[in-house]
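The values are calculated or read from the model by the stated rules, or taken from the named source; none is laboratory data. These numbers come from a predicted model, not from an experiment. Because the Cβ atoms are built from the backbone with ideal geometry, glycine has one as well, and the counts that use them run over all protein chains shown. These area figures cover heavy atoms from the full protein model, side chains too; ligands, DNA and RNA do not enter into them. Shrake-Rupley method; radii C 1.70, N 1.55, O 1.52, S 1.80 Å.
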Amino acid sequence: MEARLQKVLAQWGIASRREAEEMIKRSRVRINGVLAHLGQKVDPEKDAIAIDGKLISPKQRPASIYLLLHKPAGVVSTCYDPHHRPTVLDLLPQELRGGSGIHPVGRLDVDSTGALILTNDGDLTFGLTHPRHSISKTYRVLVKGHPPEAVLRMWRQGVVLEGRKTRPAKVQIVERSAQGSFLEIVLQEGRNRQIRRVAQQLGYPVIQLHRSAIGSIQLQTPKEPFLSEGKYRFLNDREIQFLREQINQNSEFRSQNSELK
């Protein structure tokens with residue numbers, strides 16, 4: 001059965017759909033000896049798919065890997081950086097990043113730190129990064145100044161960015177210091193540099209931004225030691241199940257909305 005090439009590469013654990021698209025754009029993928037193009041459909045049973053000159057097949061699919069990484073500042077959340085900055089894959093041992101298809105799920109901008117999931121499960125990545133996903137993410141953010149309750153209320157209710165209002169968020173002050181105010185922010189969407197852009201728009205720019213949790217997956221739990229910057233650990237079965245349940249809930253939500261239209 002035919003399917004889009006980037007979807008096949010994701011299902012085989014080669015890369016996320018986004019990373020697969022980049023591989024195609026960089027002329028790394030050939031179908032039956034011919035350079036592939038974006039949007040191309042392939043039949044995995046009939047077509048010969050090669051990456052960097054090496055034929056691949058579903059039988060070569062590596063075992064599924066699910067990691068939690070504590071991303072340091074200065075590291076980009078991609079598998080490849082044209083400016084040659086260190087990437088999150090550079091923090092992993094060779095046996096994990098060499099040919100496993102592992103990639104980050106979503107992104108933290110280069111100046112931010114904290115929790116980031118990496119996997120080679122392309123379907124999981126697609127489900128968690130879908131625009132309608134609702135998995136919560138918790139941040140500890142240091143902003144310049146001391147925003148009053150009225151500003152926090154605006155932030156909670158949603159702020160218009162590029163003509164579209166952000167979803168309601170949980171925002172509270174947890175500490176004040178000479179540097180500014182530490183906020184705990186819980187979001188259920190992941191628009192590009194959202195916290196930084198909202199904070200700037202409201203007049204309280206971000207000084208530091210740290211993601212402490214993705215849903216119930218935390219950098220520190222009662223059963224796990226604190227994960228220091230640059231380190232990773234494997235997700236446990238309960239955490240993997242939590243992510244899959246989030247995808248199923250989102251799929252059911254989208255299905256119900258489609259039926260109502």
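If you go through region 111-146 and pick out every residue that is at pLDDT below 95, β-branched (Val, Ile, Thr) and in contact with a strand residue (DSSP E or B) (Cβ under 8 Å, 6 or more places away or on another chain), you end up with 3.
Evaluate region 108-118: report whether one residue or more is open to solvent by 70 Å² or more (accessible area, probe 1.4 Å) and of a type in the set (Gly, Ala, Ser). Can you show your working first?
Residues of region 108-118 open to solvent by 70 Å² or more (accessible area, probe 1.4 Å): 111.
With of a type in the set (Gly, Ala, Ser) added as a condition, the list becomes none.
Checked region 108-118: no residue is open to solvent by 70 Å² or more (accessible area, probe 1.4 Å) and of a type in the set (Gly, Ala, Ser).
Arg191: over 15 Å from the mean Cα position of the chain (by Cα) and not in a strand (DSSP E or B), yes or no? No: the conditions fail for Arg191.
May I ask you to say which residue of Glu189, Glu184, Glu259 is modelled with pLDDT of 95 or more and acidic (Asp, Glu)? Let's see the steps before the verdict.
Values: Glu189 fails: modelled with pLDDT of 95 or more; Glu259 fails: modelled with pLDDT of 95 or more.
Of Glu189, Glu184, Glu259, the one residue that is modelled with pLDDT of 95 or more and acidic (Asp, Glu) is Glu184.
Kindly check whether there is at least one residue in region 148-162 that is touching a helix residue (DSSP H, G or I) at 6+ places or on another chain (Cβ under 7 Å), in a helix (DSSP H, G or I), over 28 Å from Ala36 (Cβ atoms) and open to solvent by less than 40 Å² (accessible area, probe 1.4 Å). For region 148-162, residues touching a helix residue (DSSP H, G or I) at 6+ places or on another chain (Cβ under 7 Å), in a helix (DSSP H, G or I), over 28 Å from Ala36 (Cβ atoms) and open to solvent by less than 40 Å² (accessible area, probe 1.4 Å): present.
Between Arg196, Arg238, which is open to solvent by 30 Å² or more (accessible area, probe 1.4 Å), part of a helix (DSSP H, G or I) and in contact (Cβ under 8 Å) with a residue 60 or more places away in the chain? Walk me through how you get there before you give the answer.
Working: Arg238 fails: in contact (Cβ under 8 Å) with a residue 60 or more places away in the chain.
So the residue among Arg196, Arg238 that is open to solvent by 30 Å² or more (accessible area, probe 1.4 Å), part of a helix (DSSP H, G or I) and in contact (Cβ under 8 Å) with a residue 60 or more places away in the chain is Arg196.
Among residues of region 147-164 being modelled with pLDDT of 95 or more and of a type in the set (D, E, K, R), the one that is nearest to Arg211 (Cα to Cα) is Arg156. Counting only strands (runs of 3 or more DSSP E) wholly contained in region 18-70, the ones carrying 3 or more residues that are surrounded by 13 or more Cβ atoms within 10 Å (Cβ to Cβ) occupy 29-31, 49-51. With respect to Asp109, determine if the residue is in contact (Cβ under 8 Å) with a residue 12 or more places away in the chain, under 25 Å from Glu239 (Cα atoms) and in a helix (DSSP H, G or I). Taking the combined requirement at face value, the residue does not satisfy it.
Take Arg176 and tell me if it is touching a residue at least 24 places away in the same chain (Cβ under 8 Å), in contact with a strand residue (DSSP E or B) (Cβ under 8 Å, 6 or more places away or on another chain) and under 24 Å from Ser77 (Cβ atoms). It is false that Arg176 is touching a residue at least 24 places away in the same chain (Cβ under 8 Å), in contact with a strand residue (DSSP E or B) (Cβ under 8 Å, 6 or more places away or on another chain) and under 24 Å from Ser77 (Cβ atoms). Any residue at all in region 81-95 that is modelled with pLDDT under 90, buried (at least 21 other Cβ atoms within 10 Å of the Cβ), closer than 22 Å to Ala10 by Cα and under 13 Å from the mean Cα position of the chain (by Cα)? No, region 81-95 contains no residue that is modelled with pLDDT under 90, buried (at least 21 other Cβ atoms within 10 Å of the Cβ), closer than 22 Å to Ala10 by Cα and under 13 Å from the mean Cα position of the chain (by Cα).
Please determine, by comparing only the residues of region 1-17 that are charged (D, E, K, R) and closer than 21 Å to Pro104 by Cβ, which one is surrounded by the fewest Cβ atoms within 10 Å (Cβ to Cβ). Break it down stepwise before answering.
Step one: of region 1-17, the residues charged (D, E, K, R) are 2, 4, 7, 17.
So of that shortlist, the ones also closer than 21 Å to Pro104 by Cβ come out as 7, 17.
Values: Lys7: 16, Arg17: 21.
Among those that are charged (D, E, K, R) and closer than 21 Å to Pro104 by Cβ, it is Lys7.
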